[in-house]
Amino acid sequence: EEERVESKPLMEETIKSLSTIYSINVSEKGQSIHLEKENITCTLQLHQNYSQHDLIDQSVKLIYFLDKLVAAKKITAAGNANDPINNGFYIFFNTLLSTLDEHSSLLDSFTYDELKQGTDGEFGGLGIVVGMRDNLLTVIKPIPNSPAAKAGLKKGDKIVSINTTTTYGARLDELVEFMRGSPGSIVEISILSEGDRSPRVLKLERQIIKVNSLTYKLIKEGSSRILYAAIETFSSSTSSELSALLKKHIKDDKTLISGIILDLRSNPGGLLDEAVKVSDLFLSSGPIVSTIGRNREIEIATKDKIEAHCPMVVMLNVDSASASEIVAGALRDNNRAIIIGQPSFGKGSVQTIFELPGGQAIKLTIAKYFTPSGSSIHKIGIEPDIWLQPVFKSKSNENIFGYSRYLGAKSISDNTLKTGSKHQSKMFYKGYFVSTDLERSAEFTSDDDTEFKFSLGLINHVASFYNGSNPEGTDRASHWLALSSSYIQDFFNKTNLETVTHLKDQHSINWHTKPMITEQTHVKSALSLSIKDTDSVLASNTAIIPWKVSNKSNEKFENISIFFSTEGSSEITSEFLIGSLAPFEMKEGNFSIENTHAGEGTTVHISGGIAIDNIPYLQYRNMKSFSFSSTENTALDAILSLDDQSSGLIRGSLEPNENAYLEVSIQNSGENDASNVSIAITNLSGLQINLQDTNLNFERIEKGKTIKQRIPITASTNLFSSHLKLGTKIIAKGIVQPIFNEHSIEAFSGVITSQSPKGIGH
């Protein structure tokens, strides 16, 4: 797309994006472009014969302008905390690249190292996949044979501290870096598992962690032997690992397995050539993928000694992207596998890396790819043959169909929006099921992994028709689907009923399991979504946005949901289920957006849309724009102390079985009053203590004032720690980021006799 990099349009789009992201005022007079923010100014000339020399010359001028804004703390770059880059060049160049597409960017050295580790599949550390849950570092899963796995860490364990660093309220990227280090070095972590009386301390030796991109298991289901293989990411060893696995179970061109489940759920992609090689393992002829950049290239499958002539299922979800979509598209279009799950992410472009001095790099899009049928999946995704839609158990009606479902919706093209009826006509089956786990379990046979159990049952159902063999001429996905129709229908009859009942009972939502097919133009004239007026400038870390959805026709609509996203965010997406909308009915509610950027002047642009049966039909760009601002003179702090004057024998120390009070003092040392103050207290000490109240709210705390409140605290029969850890999180209007702190109160775990005097030390 060479027109995208012509000098004048490139500079114009960059200026437009800078204005949007950083609230810079831009005015035009003739060929002059004037930029201004709080009395800091810059003027550029964009004349008719704007050359590449002009682009370079004025880029330097614009970088100098941005540098002055950074120095005056008017704007800040969203650099990585481990590799902070906060200057005009970083801001300018990243903004320029983002005008090309969402996948082109300037990588700092930390981010580039992370990318290389992902593709090389090797790094030094403890071997844990982690995430932030309840403001604490949490184990998602340990990597097999790693120091973490050998120490017994398991999914859901809370990592309370790393060496002397608390994880409560810290940044994930910083904590990950703390766990990495030189092989052979020791790291001390404090772990709190569900049901633990107290945190336990583990000393682990860092090792070179070799991440196998493939995990597998041979499963015996009735008379069938089914090979399950999950690819986490497409690294340089993926195809060789999978090839070795297939050779182990397929000998002398004779299939010893009844079927294959290839799990690509939450696989973000990786190396393009590895995706081609993996696809080739299951195909003997035909196209795999075509890429169109400056040249067109087509990858063709080759005859291989490894030929698995057996039923095959590929599992996808909304987080399956890029290379995983290439594999799924190749196997689907060649009628080699049944695709099960949800429509994938929809990343249909190819990037390459250009290394820069200082360990940095440019990631640049160089081509788009197409499936064998010639379809682009960019911002559409791979459509499954069997759509299994999870409905997650939640107290609130927000994202109960899962997160990140409409991240690309803010850029959906008109052609994509017209795929509603097309999507339904291509769909074979669609069903719903209730799930309790937002994340795919690391266990192969998780009780809650309905998609896995469904896939296992389907392959076993097909294999039973031929007693484990696969007669010539039946090696087609369409044939397996036809054989499975009764199994699929019986499965959906049960799960659909459970889902409809759950949504009605828990959320008062009327949902139907038969898809509603309608025309895009009809929906556009009948339904509307709007955001009510709110303050354009919000001095708070969280914005509450009121919405309204209306049916302006005399026809009833079913299975309506609405979604919102914020421009520039890779994570903030909210979806709400509406269910049915009667003729001329209106429904309304609120959604919240947290300001994830530091500093003042962060402008947020909200886009939204309406979906029917999980498919976006209407999309509204820039429904609302507003700015966050921080009140620097509001300064809050919390102090926790033990009040045990009316109980216990040792003053100032919590004793076994003691009932006392925790005194919470919230101090406003700033120059402004603080309003809408909330403090959440988190127990970091396990079952040693019990807190009756963990959330406190104050309408206003005047400047210079301290408010105190006592909450009951009870000690268990056994105390194992001399210092009991607690965490506090403070939010208030006027504070952009929550304030996290860790606190400690003394405890006495020894034996106390009745003769022990008050005030004894320990």
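Can you tell me how many residues in region 227-247 are free of Cβ contacts under 8 Å to residues at least 40 places away in the same chain, in a helix (DSSP H, G or I) and not small (Gly, Ala, Ser)?
Total meeting the criteria: 3.
Let me spell it out: the conditions are (1) in a loop (DSSP other than H, G, I, E, B); (2) surrounded by 19 or more Cβ atoms within 10 Å (Cβ to Cβ); (3) in contact with a strand residue (DSSP E or B) (Cβ under 7 Å, 6 or more places away or on another chain); (4) not acidic (Asp, Glu), and Tyr50 meets all of them except one. Which number is the exception?
(3)
With respect to Ser722, is the statement that it is open to solvent by 10 Å² or more (accessible area, probe 1.4 Å) and among the hydroxyl-bearing types (Ser, Thr, Tyr) true? Don't jump to the end; show me each part of the working.
Details: open to solvent by 10 Å² or more (accessible area, probe 1.4 Å): yes; among the hydroxyl-bearing types (Ser, Thr, Tyr): yes.
The answer is yes for Ser722.
Among what's in region 13-32 and is open to solvent by 80 Å² or more (accessible area, probe 1.4 Å) and within 34 Å of the chain's Cα centre (by Cα), pick the residue that is farthest from Asp54 (Cα to Cα). Working first, answer last.
Filtering region 13-32 down to residues open to solvent by 80 Å² or more (accessible area, probe 1.4 Å) leaves 13, 16, 25, 28-29, 31.
With within 34 Å of the chain's Cα centre (by Cα) added as a condition, the list becomes 13, 16, 25.
Numbers: Glu13: 15, Lys16: 18, Asn25: 22 Å.
Selected residue: Asn25.
Residue check: is Lys220 open to solvent by 10 Å² or more (accessible area, probe 1.4 Å), of a type in the set (D, E, K, R) and assigned to a strand (DSSP E or B)?
Yes.
Can you pull out the residues in region 159-185 that are under 25 Å from Ile679 (Cα atoms) and either free of Cβ contacts under 8 Å to residues at least 60 places away in the same chain or of a type in the set (Gly, Ala, Ser) (or both)?
If the condition is that a residue be under 25 Å from Ile679 (Cα atoms) and either free of Cβ contacts under 8 Å to residues at least 60 places away in the same chain or of a type in the set (Gly, Ala, Ser) (or both), then Ile159, Ser161, Ile162, Thr164, Thr165, Thr167, Gly169, Ala170, Leu172, Leu175 are the ones that fit.
Name the one entry in Gly195, Gly156, Gly152 that is under 15 Å from Asn683 (Cβ atoms), open to solvent by 30 Å² or more (accessible area, probe 1.4 Å), part of a loop (DSSP other than H, G, I, E, B) and out of contact with any Lys or Arg (no Cβ under 6 Å at 6 or more places or on another chain).
Details: Gly156 fails: under 15 Å from Asn683 (Cβ atoms); Gly152 fails: under 15 Å from Asn683 (Cβ atoms).
Exactly one residue qualifies, and that residue is Gly195.
Please go through region 258-282 and pick out each residue that is surrounded by fewer than 21 Cβ atoms within 10 Å (Cβ to Cβ) and hydroxyl-bearing (Ser, Thr, Tyr).
Ser266
Given the residues Asn622, Asn595, which is the only one that is modelled with pLDDT under 70 and closer than 27 Å to Val318 by Cα? Break it down into steps so the answer makes sense when it comes.
Values: Asn622 fails: modelled with pLDDT under 70.
Just one listed residue meets the conditions, Asn595.
Which of the residues spanning region 514-544 are closer than 30 Å to Lys733 by Cα, of a type outside the set (A, V, I, L, M, F, W, C) and modelled with pLDDT of 75 or more? Give the derivation first.
In the first step, residues of region 514-544 are kept if they are closer than 30 Å to Lys733 by Cα; the result is 529-544.
Restricting the remaining residues to those that are of a type outside the set (A, V, I, L, M, F, W, C) gives 530, 532-536, 540-542.
Result: Ser530, Lys532.
Looking at Ser7, Ser51, Ser23, can you tell me which residue is touching a residue at least 40 places away in the same chain (Cβ under 8 Å), at positive phi and not aliphatic (A, V, I, L, M)?
The conditions single out Ser23.
Go through region 1-36 and count every residue that is in a helix (DSSP H, G or I) and among the hydroxyl-bearing types (Ser, Thr, Tyr). Can you show your working first?
We begin by selecting, within region 1-36, every residue in a helix (DSSP H, G or I); these are 2-5, 7-22.
Subsequent filtering for residues that are among the hydroxyl-bearing types (Ser, Thr, Tyr) retains 7, 14, 17, 19-20, 22.
Result for region 1-36: 6.
In the list Ile250, Ile209, which residue meets the criterion of being in contact (Cβ under 8 Å) with a residue 40 or more places away in the chain, under 30 Å from Ala463 (Cα atoms), surrounded by 16 or more Cβ atoms within 10 Å (Cβ to Cβ) and not aromatic (Phe, Trp, Tyr)? Lay out the reasoning, then the answer.
Details: Ile209 fails: under 30 Å from Ala463 (Cα atoms).
From the options Ile250, Ile209, the qualifying one is Ile250.
Residues that are free of Cβ contacts under 8 Å to residues at least 40 places away in the same chain and not basic (Lys, Arg), at least 2 per element: which strands (runs of 3 or more DSSP E) completely within region 674-737 meet that?
On the way: elements: 674-683, 689-691, 695-701, 706-715, 723-733.
By residue number, 689-691, 695-701.
Looking at region 75-100, which of its residues are assigned to a loop (DSSP other than H, G, I, E, B) and modelled with pLDDT of 85 or more? Quick ask: steps written out before the conclusion?
First, the residues of region 75-100 that are assigned to a loop (DSSP other than H, G, I, E, B): 75-79, 81-82, 84-87, 99-100.
Once the filter is applied, which keeps residues that are assigned to a loop (DSSP other than H, G, I, E, B) and modelled with pLDDT of 85 or more, region 75-100 yields Asn87, Thr99, Leu100.
Residue check: is Leu126 among the aliphatic types (A, V, I, L, M), touching a residue at least 40 places away in the same chain (Cβ under 8 Å) and out of contact with any Cys (no Cβ under 8 Å at 6 or more places or on another chain)? Spell out the reasoning first.
Details: among the aliphatic types (A, V, I, L, M): yes; touching a residue at least 40 places away in the same chain (Cβ under 8 Å): yes; out of contact with any Cys (no Cβ under 8 Å at 6 or more places or on another chain): yes.
The answer is yes for Leu126.
Just one of Ile739, Ile713, Ile666, Ile689 is surrounded by fewer than 21 Cβ atoms within 10 Å (Cβ to Cβ) and out of contact with any helix residue (DSSP H, G or I) (no Cβ under 9 Å at 6 or more places or on another chain); which is it?
Checking each option against the conditions leaves just Ile739.
Does Thr518 count as polar (S, T, N, Q), loosely packed, with under 13 Cβ neighbours inside 10 Å and farther than 29 Å from Val313 by Cα?
No; evaluated as a whole, the condition is false for this residue.
Of the residues in region 190-213, how many are under 24 Å from Asp113 (Cα atoms) and of a type in the set (Val, Ile, Thr)?
Residues of region 190-213 that are under 24 Å from Asp113 (Cα atoms), as a first pass: 204-213.
Among the residues that remain, those that are also of a type in the set (Val, Ile, Thr) are: 208-209, 211.
Total meeting the criteria: 3.
How many residues are within 23 Å of Thr728 (Cα to Cα), in contact (Cβ under 8 Å) with a residue 24 or more places away in the chain and open to solvent by less than 40 Å² (accessible area, probe 1.4 Å) if we restrict to region 637-663? If you could, list the steps in order and put the result at the bottom.
Restricting attention to region 637-663, the residues satisfying the condition of being within 23 Å of Thr728 (Cα to Cα) are 637-644, 652-655, 658-663.
Among the residues that remain, those that are also in contact (Cβ under 8 Å) with a residue 24 or more places away in the chain are: 637-643, 652-655, 658-663.
Subsequent filtering for residues that are open to solvent by less than 40 Å² (accessible area, probe 1.4 Å) retains 638, 640, 642-643, 652-655, 658, 660, 662.
Adding up the residues that qualify gives 11.
Restricting region 101-149 to residues that are outside any strand (DSSP E or B) and among the polar types (S, T, N, Q), which is modelled with the lowest pLDDT?
Looking only at region 101-149, we keep the residues that are outside any strand (DSSP E or B), and these are 101-104, 108-121, 126-127, 134-135, 143-149.
Subset that is among the polar types (S, T, N, Q): 104, 109, 111, 117, 119, 135, 145-146.
Working: Ser104: 89, Ser109: 82, Thr111: 79, Gln117: 68, Thr119: 63, Asn135: 88, Asn145: 83, Ser146: 88.
Once the filter is applied, the top-ranked residue is Thr119.
Any residue in region 577-591 that is under 11 Å from Ile509 (Cα atoms) sitting within a Cβ distance under 7 Å of a residue that is buried (at least 16 other Cβ atoms within 10 Å of the Cβ) and of a type in the set (Asp, Glu)? List the pairs, counting only those 6 or more apart or interchain.
As it stands, the answer is Ser580/Glu558, since those pairs meet every condition given.
Would you call Asn510 within 18 Å of Glu558 (Cα to Cα), modelled with pLDDT of 90 or more and either open to solvent by 70 Å² or more (accessible area, probe 1.4 Å) or in a helix (DSSP H, G or I) (or both)? Lay out the reasoning, then the answer.
Numbers: within 18 Å of Glu558 (Cα to Cα): yes; modelled with pLDDT of 90 or more: yes; either open to solvent by 70 Å² or more (accessible area, probe 1.4 Å) or in a helix (DSSP H, G or I) (or both): no.
When the stated conditions are applied, Asn510 does not pass them.
Check Gln709, Gln667, Gln688 and return the single one that is modelled with pLDDT of 90 or more, within 14 Å of Asp637 (Cβ to Cβ) and of a type outside the set (Val, Ile, Thr).
Numbers: Gln709 fails: within 14 Å of Asp637 (Cβ to Cβ); Gln688 fails: within 14 Å of Asp637 (Cβ to Cβ).
Result of the check over Gln709, Gln667, Gln688: Gln667.
Any chance you could count how many residues in region 198-225 are closer than 18 Å to Val313 by Cα and in contact with a Lys or Arg (Cβ under 8 Å, 6 or more places away or on another chain)?
2
The values are calculated or read from the model by the stated rules, or taken from the named source; none is laboratory data. Computed from a predicted model, the values in this text were never measured in an experiment. Counting neighbours? That spans all protein chains shown, and the Cβs are built from the backbone with ideal geometry, glycine included. Note: accessible area is taken over every heavy atom of the protein model, side chains too, but ligands, DNA and RNA are not part of it. Shrake-Rupley method; radii C 1.70, N 1.55, O 1.52, S 1.80 Å.
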